[in-house]
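Contents: one structure, followed by commentary.
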Amino acid sequence: MNKTAILIIYTGGTIGMKRNPETGSLSPFNFEQIVDEVPELSKFNFALDTISFDPPVDSSNIQPEFWQNLAEQVKLNYDKYDGFVILHGTDTMSYTATALSFMIQNLTKPIILTGSQLPIGEVRTDGRENLLSAVEVAAAYKEGKPLIPEVCILFDNVLYRGNRTFKYNAQSFKAFRSENYPELATAGIEVQYHLPYVRKVDFTQPVLFNSNFDPSVVTLALFPGISQKVVNSILNIGGVKGVVLETFGSGNAPTYPWFIAELDAAIKRGVVIVNVSQCRGGSVNMESYETGRLLKNMGVLTGIDITFEAAIVKLMYLFGQNYSSSEVKEKFELSLAGEMG
């Protein structure tokens, strides 16, 4: 009987760092020696292989080209492995997980992203446990089918749907949250899977990879006192195709005539504007208040309960398919990979 095969892809981030005992500085270690650093991995009796980005990419420097390269690594190795573990810096991990969920359609294998707040060589590192749990989840099969055929983030003993997450704490080991979608699993003495919340997969359909993005999007965060000059300058940036409008509460915005006029003019130019709440939990409801109805009537789209991170990536992905503005509007309000609704 063949061993379960897992590919670990190290892209960069704190988890792959070791501290120089003399200088105290951090530098990447040779990830081919990961079993030496985390000997517990050998107890799984899995076939573990590793790929490392060279050089490693700081997560603050992530660009769509990085997502394309990462998806290409998964594509090249898709038929060779039962699951994938991607080690990634925490700052933009939610963006990358979301991008992968859009790029890989009809996904039939687990892709688990994880990382750490402390380097794996530190005595109190969270990286060791995160990595072990991620590998275990990526290898979890029953009757020949994976339990978690999704792009997920595993952090601090909790498994989340990746495109529903956001990083909310830079100091705690519990760095991520998913306010609008339940946890997919929790790792205690055993890993408890919450299978009703896992996406249903049609294993008869082919897996498709599409890695085109168009980053011609911006964000406009509202605040009391925002000026017409600021709004006008953002909406009129050359080449902008999409705007994530970060509104108050359940999707509310000012009713100043100049504000409404600026949004209306942008929409008439073909700019797609998506209403996403500044609140991390809850949902946009543009029927609740007059301000929301004004936005809806002029053609602002509702982000429902999508995260800010997923809204940005989703617009880039849809425009990357060369859809027209009307097509982007139609497809944005559909859930592509369980990211909203």
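Looking across the stretch 284-313 at every residue that is closer than 21 Å to PRO182 by Cα and not aliphatic (A, V, I, L, M), the one that is farthest from the chain's Cα centre (by Cα) is identified as ASN285. Being within 23 Å of SER227 (Cβ to Cβ) and within 24 Å of the chain's Cα centre (by Cα) is the filter; apply it to the stretch 244-270 and report the residue that is surrounded by the most Cβ atoms within 10 Å (Cβ to Cβ). So the residue we want is GLY251.
Condition check ((1) out of contact with any Pro (no Cβ under 8 Å at 6 or more places or on another chain); (2) among the charged types (D, E, K, R); (3) part of a helix (DSSP H, G or I)) across all residues:
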site	(1), (2), (3)
ALA71	yes, no, yes
VAL74	yes, no, yes
ALA99	no, no, yes
PHE102	yes, no, yes
LEU107	no, no, no
ILE112	yes, no, no
LEU118	yes, no, no
VAL135	yes, no, yes
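Of the residues contained in the stretch 50-67, none is found to be on the phi > 0 side of the Ramachandran plot, in contact with a helix residue (DSSP H, G or I) (Cβ under 7 Å, 6 or more places away or on another chain), surrounded by 13 or more Cβ atoms within 10 Å (Cβ to Cβ) and of a type outside the set (A, V, I, L, M). Taking the stated definitions as given, is TYR323 hydroxyl-bearing (Ser, Thr, Tyr) and in a loop (DSSP other than H, G, I, E, B)? Criteria met by TYR323.
Every listed requirement among (1) assigned to a strand (DSSP E or B); (2) more than 20 Å from the chain's Cα centre (by Cα); (3) over 21 Å from GLN278 (Cβ atoms); (4) among the β-branched types (Val, Ile, Thr) is met by ILE153 save one, (2). Checked against the criterion of being over 16 Å from the mean Cα position of the chain (by Cα), outside the structural domain of ALA99 (by TED's automatic domain parsing) and either at positive phi or surrounded by fewer than 15 Cβ atoms within 10 Å (Cβ to Cβ) (or both), the candidates LYS174, LYS229, LYS241, LYS200 yield just one match: LYS229.
The values are calculated or read from the model by the stated rules, or taken from the named source; none is laboratory data. Note that this is a predicted model, so its numbers are computed, not measured. We place every Cβ from the backbone using ideal geometry, glycine too, and count neighbours over all the protein chains shown.
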